[in-house]
Structure formats: C-alpha cells, structure tokens
Amino acid sequence: MADYKSMYYKLFNEVTDTIERLQKIQQECEELYIKSEEDNLKNFEIYKDDKN
C-alpha cells in the first residue's frame, strides 16, 4: 500500500519551498527595480474582445 502520509508531506514541503523561493525572487526583482535610475513605468492599453 502506498504511504500517502509520506507522499503528502513531501509534496507539501516541496510546494512550500517553491513558494518561498518565488517570493524571494520577486522581492529581489522589486529591489532591482527600485534601485534602477531609469523611469521604467509604462502605460499599456488593454483591449477587450467583445466577441466573447
């Protein structure tokens, strides 16, 4: 019989680690953006397709 408890804990830990890693990467990118001297803000028009 499969050890579902062990599988669940492994999956939970890997997902948690991945979320933490993504949060760290996002924070690093935000810091790089803040430190940049250029004006990087751009406005984008959003077009909605009325056919849907």
Quiz item: So what's the angle, to the nearest 10 degrees on a 0 to 90 scale, between helix 4-35 and the longest Cα principal axis of the chain?
Solution: 20
Quiz item: Rg to Rh for the chain: what is it, with Cα atoms only and Rh by Kirkwood?
Solution: 1.32
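Please check the chain for the longest run free of GluC sites (Glu not before Pro) that are loop-located per DSSP (anything but H, G, I, E, B) and have at most 11 other Cβ atoms within 10 Å. Walk me through the intermediate numbers first.
Working: sites that count: Glu37, Glu38, Glu45.
The segment 1-36 is the longest one with no such site.
We did not get these values from a lab; they are worked out from the coordinates using the rules stated. Bear in mind the structure is a predicted one, so any value in this text is a computation, not a measurement. So basically every Cβ, Gly included, is an ideal-geometry build from the backbone, and we count neighbours across all protein chains shown.
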